[in-house]
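The values are calculated or read from the model by the stated rules, or taken from the named source; none is laboratory data. Nothing here was measured: the structure is a model prediction, and the numbers come from that model. All Cβ positions, even for glycine, are placed from backbone atoms using ideal geometry, and neighbour counts span all protein chains on display. All accessible areas refer to the heavy atoms of the entire protein, side chains included, with ligands and DNA or RNA removed. Shrake-Rupley method; radii C 1.70, N 1.55, O 1.52, S 1.80 Å.
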Amino acid sequence: IDMGISAVLSMMALYCFQNTLFAVLILFGFAVFFGWLYNGPINAIIQNCVPANLRPHANGMSVLFIHLFGDSISPAIIGAISDHTDENLRVALILVPVSFVVASILWLLGWLLVPSRKQETVV
């Protein structure tokens with residue numbers, strides 16, 4: 001849900017309030033906030049599911065993939081799209097809410113398709 005909220009807020013910043021810098025900054029600020037809301041639960045899942053001796057490696061891999069597939073390649077992709085659309089940065093930035101929608105769908109599928117496991121109690 002939080003990625004969907006980020007998609008809506010970033011789309012509003014790009015297309016509804018582009019003439020008001022303050023509104024754009026506020027909307028993008030909240031979009032970033034909701035876009036990173038997944039990080040706490042993911043870290044908790046890693047801590048609960050990975051053996052203690054592998055937790056540092058699992059957290060490191062999580063951070064690596066976040067940066068590898070996110071902020072390390074996104075500026076180049078947005079810049080390339082902007083260059084190919086006659087320097088239209090607004091068209092290129094549509095990739096931001098689109099990526100939030102894709103992430104929202106993937107998180108929802110993960111939540112629905114991963115089997116739940118009941119806590120076993122030892123008597």
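Cβ-Cβ contacts under 7 Å between residues 6 or more apart (or on different chains), taken from a first residue in region 102-122 that is within 21 Å of Ser10 (Cβ to Cβ) and among the aromatic types (Phe, Trp, Tyr) to a second residue that is modelled with pLDDT of 85 or more and part of a helix (DSSP H, G or I), are listed as Trp107/Met3. When region 1-21 is filtered for residues that are farther than 17 Å from Arg90 by Cα, assigned to a helix (DSSP H, G or I) and open to solvent by 40 Å² or more (accessible area, probe 1.4 Å), only Ile5 remains. Among residues of region 29-46 that are free of Cβ contacts under 8 Å to residues at least 24 places away in the same chain and more than 14 Å from Met11 (Cβ to Cβ), those with a beta-carbon under 6 Å from a residue that is among the aliphatic types (A, V, I, L, M) and open to solvent by less than 50 Å² (accessible area, probe 1.4 Å) at least six positions away or on a different chain give the pairs Ile46/Ala58.
Mind listing whichever residues of region 48-91 are more than 30 Å from Cys16 (Cα to Cα), within 20 Å of the chain's Cα centre (by Cα) and either open to solvent by less than 50 Å² (accessible area, probe 1.4 Å) or among the polar types (S, T, N, Q) (or both)? Before the answer, list the steps.
Step one: of region 48-91, the residues more than 30 Å from Cys16 (Cα to Cα) are 48-65, 68.
Still in the running and within 20 Å of the chain's Cα centre (by Cα): 58-65, 68.
Ala58, Asn59, Gly60, Ser62, listed by residue number.
Look at region 77-97 and say how many of its residues are free of Cβ contacts under 8 Å to residues at least 24 places away in the same chain and under 12 Å from Met11 (Cβ atoms). Lay out the reasoning, then the answer.
We begin by selecting, within region 77-97, every residue free of Cβ contacts under 8 Å to residues at least 24 places away in the same chain; these are 77-89, 91-92, 95.
Still in the list and also under 12 Å from Met11 (Cβ atoms): 95.
Residues flagged as free of Cβ contacts under 8 Å to residues at least 24 places away in the same chain and under 12 Å from Met11 (Cβ atoms) within region 77-97 amount to 1.
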